[in-house]
1. Which of A:Thr83, A:Thr94, A:Thr56 moves most in a GNM of chain A, Cα contacts under 10 Å?
2. Report the accessible area of B:Lys14, computed with a 1.4 Å probe over the heavy atoms of all protein chains in place, in Å² rounded to the nearest 10.
3. Taking accessible area as the heavy-atom solvent-accessible surface of the protein chains with a 1.4 Å probe, which residues of region A:27-46 lose no less than 20 Å² upon going from the isolated chain to the full protein assembly?
4. Starting from region A:12-111, pick out the GluC sites (Glu not before Pro) whose DSSP state is loop and whose Cβ has at most 11 other Cβ atoms within 10 Å.
5. Work out how far the C-alpha atoms of the protein assembly as shown reach from end to end along every principal axis, then list the three figures in whole Å, largest first.
6. Compute log10 of I(q)/I(0) for region A:34-111 with the Debye formula, placing one identical point scatterer on every Cα and leaving out solvent, at q = 0.15, 0.24 Å⁻¹, to two decimals.
7. In the protein assembly as shown, which Cys residues have no partner Cys with a Cβ closer than 4.7 Å?
8. How big is the antiparallel share of DSSP beta bridges in the protein assembly as shown, given as a percent to the nearest 5?
Amino acid sequence: DAKTTQPPSMDCAEGRAANLPCNHSTISGNEYVYWYRQIHSQGPQYIIHGLKNNETNEMASLIITEDRKSSTLILPHATLRDTAVYYCIVRVNTNAGKSTFGDGTTLTVKP
Amino acid sequence: GAVVSQHPSWVICKSGTSVKIECRSLDFQATTMFWYRQFPKQSLMLMATSNEGSKATYEQGVEKDKFLINHASLTLSTLTVTSAHPEDSSFYICSARDQGDTDTQYFGPGTRLTVL
């Protein structure tokens, strides 16, 4: 599975959009981009995933560049409860695909 | 999203004893489950891939005889830490692949193991 690179930490003001970047320059054509977050002492929570097209759900939006070498997770209106470690993972959607976690980005939402 | 549970949520045991952790997919069937370990202030580290009805596949450096994995049904995988030692104290997290939901992996809430 491809390696990802994320900034170690980011701050965001409450109510503002949080934009979390992820670089995955070695991504293969059949690998999806997944985003999870982990709030302290809990298991990771699935947020969103995509292959080529931009995706949106009730939690967030995922913007994938045309060359697929990077992506951005957008939390449109961050709240204090969004403070967590956010992980970007790339993997294939087959039985061979397994999620390998990097260090993620610690997002701190401030009042 | 799909729900994955773990039991127990925390356990304290004496050195040398064995501890079993259960991972269940509550509203979907999972032919594949994964076990991770997380030490304080570190990321999740994949330990093994558990396939229903077959032997688990362990990541390099993980002792298969120490961390016994059984995936006897499509909704249950168990991890047994045998002859636990203080260095095995960690946060153990399982995940299950929901093949009916574009193959998304969902994670359990984790089990905090403390070995005295």
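The values are calculated or read from the model by the stated rules, or taken from the named source; none is laboratory data. Remember, it's a predicted structure, so these values are computed and weren't measured experimentally. Using ideal geometry, Cβ is built from the backbone for each residue, glycine included, and neighbour counts are taken over all protein chains shown. All accessible areas refer to the heavy atoms of the entire protein, side chains included, with ligands and DNA or RNA removed. Shrake-Rupley method; radii C 1.70, N 1.55, O 1.52, S 1.80 Å.
1. Maximum among the listed residues: A:Thr94.
2. Approximately 150 Å² of B:Lys14 is accessible to the 1.4 Å probe.
3. Residues passing the criterion (a loss of at least 20 Å², heavy atoms only) are A:Tyr36, A:Gln38, A:Ser41, A:Gly43, A:Pro44, A:Tyr46.
4. Working: sites: A:Glu14, A:Glu31, A:Glu55, A:Glu58, A:Glu66; in loops: A:Glu14, A:Glu58, A:Glu66.
Passing both the DSSP loop test and the Cβ count: A:Glu58, A:Glu66.
5. Projected onto its principal axes, the Cα set of the protein assembly as shown covers 50, 38, 31 Å.
6. Once normalised to I(0) and log-transformed, intensities are -0.54, -1.28.
7. When partners are defined as cysteine Cβ atoms under 4.7 Å apart, the protein assembly as shown leaves A:Cys12, B:Cys13 without one.
8. Working: 65 of 74 bridges.
Of those bridges, close to 90 percent are antiparallel.
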